Amino acid sequence: MLLTGRMIQTIGAGIIIPLMMTVILYLYPSEKRGSIMGTIGFAIIFAPAIAPTLSGFIIEYVSWRWLFIGLIPFLLIVIVLAFKYLMNVTETTKAKLDITSVILSTIGFGCILFGFSSAGSKGWDDPVVITAIIVGMIVSALFCLRQMKSSDPLLNLTVFKYKTFKLTSFINVLITMIMYADLILLPIYLQNGRGFTAFEAGLLLLPGAVINAFLSPVTGKMFDKYGAKPLFITGLVFIIVSMWGVIDISDSTTYMYIMIRTIILRIGLSFITMTLNTAGLNALPRELGSHGSAVNNTIRQLSGAIGTAVVITVYTMQATSHASELSMENENITAIRLEALASILGSSDAYVFMLALSFVALIIACFMPKKAAINKGEGESQN
């Protein structure tokens, strides 16, 4: 039931997020999009900023069902406001849905996600995992070939002909993997390894997320002034420092230390999150803007899901290995203590993997063209 509800919810998100980006492309010139995206970033980031703390409070003191029931009034208000104030900003056309492409993308992406997410529990050598990933890759390749040959593709892949969009897409994959994985891995460390409650874990995430939200408009204006490259490099330095700080976390690492580390991570993300979308879409001609937005959203969803699955797989495998080693070294250790220590050591190893991803993203960011080059090349193929 929860999975079905989540799938229905993502249909709405899959429509709204790319559409929002497309509207911005049509309403604002490229030199003002950084500031606008920064302002919108405040709204996009502030909601998840308070969500872990609020949901932790609801789970601990009310009931998990209110996580869903409590959203209904807000959804009704949004629908009423949408009917009253929203309007079309572009001319509508009669689009034809390519059912074959929909089926291919659903099977291809679905099998890849299923394979990666199952690897944590089944192992990478499990036949089901291997089959799902191989089938997913083959079907996804067929989907991509169909898009390149189609005159009216479901997902226009010609956006990857533009160098800046291509580079921002690579960085987007890595940053999304890091961001989503941290949002899951950190609560696992706090709750499984350290015994903190869901509310305490959510409270730790709050300051960094709020700072991230309030910095978003500032970094948006900085993007318009300085371009994407210096912001990417600055942000990734902060992220690398934050990852370096947790590669050797233990059961004595203080709550305040983890909170400060999370604030540093969120400062880094504030330089990158909305800047990625703006820089990539600015490099595309206007007619490809909606396609670029759709591709960005697809990349973000896939990389978030795959990244989370991979990092949790690393965590699970390492935690299991550490549990075996600890039980052999100390036969008198209690099961609860064994599980907690294994969880902490597994989290530390997973953060080493995320640190490596951060360095790869920094290397790619160094190849980003300067602001003048991006503005000059906007709308032109940048192979």
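Screening 97, 81, 76, 104 for residues that are farther than 30 Å from residue 177 by Cβ and either touching a Phe, Trp or Tyr at 6+ places or on another chain (Cβ under 8 Å) or assigned to a loop (DSSP other than H, G, I, E, B) (or both) leaves exactly one candidate, 97. Filtered by the rule that a residue be surrounded by fewer than 20 Cβ atoms within 10 Å (Cβ to Cβ) and modelled with pLDDT of 80 or more, the range 265-290 gives a lone residue, 285.
As for the range 56-72, it holds at least one residue that is in the same structural domain as residue 217 (by TED's automatic domain parsing), under 22 Å from the mean Cα position of the chain (by Cα) and buried (at least 18 other Cβ atoms within 10 Å of the Cβ).
Scanning the range 216-252 for residues that are touching a Lys or Arg at 6+ places or on another chain (Cβ under 8 Å), without any contact (Cβ under 8 Å) to a residue 60 or more places away in the chain and either more than 18 Å from residue 174 (Cβ to Cβ) or surrounded by fewer than 17 Cβ atoms within 10 Å (Cβ to Cβ) (or both) returns a single hit, 245. When the range 169-218 is examined, which residues are found to be among the charged types (D, E, K, R) and modelled with pLDDT of 85 or more? Once the filter is applied, which keeps residues that are among the charged types (D, E, K, R) and modelled with pLDDT of 85 or more, the range 169-218 yields only 182.
Please verify whether residue 293 is modelled with pLDDT of 85 or more, buried (at least 20 other Cβ atoms within 10 Å of the Cβ) and either of a type outside the set (Gly, Ala, Ser) or touching a helix residue (DSSP H, G or I) at 6+ places or on another chain (Cβ under 6 Å) (or both), treating the condition exactly as stated. No: the conditions fail for residue 293. Residue 334 falls short on exactly one of the conditions (1) under 21 Å from residue 286 (Cα atoms); (2) of a type outside the set (Asp, Glu); (3) at pLDDT below 80, and that condition is (1).
The values are calculated or read from the model by the stated rules, or taken from the named source; none is laboratory data. Since we're looking at a predicted model, the values are computed, not measured. Cβ coordinates were reconstructed from backbone atoms using ideal geometry, including for glycine residues, and neighbour counts include every protein chain displayed.
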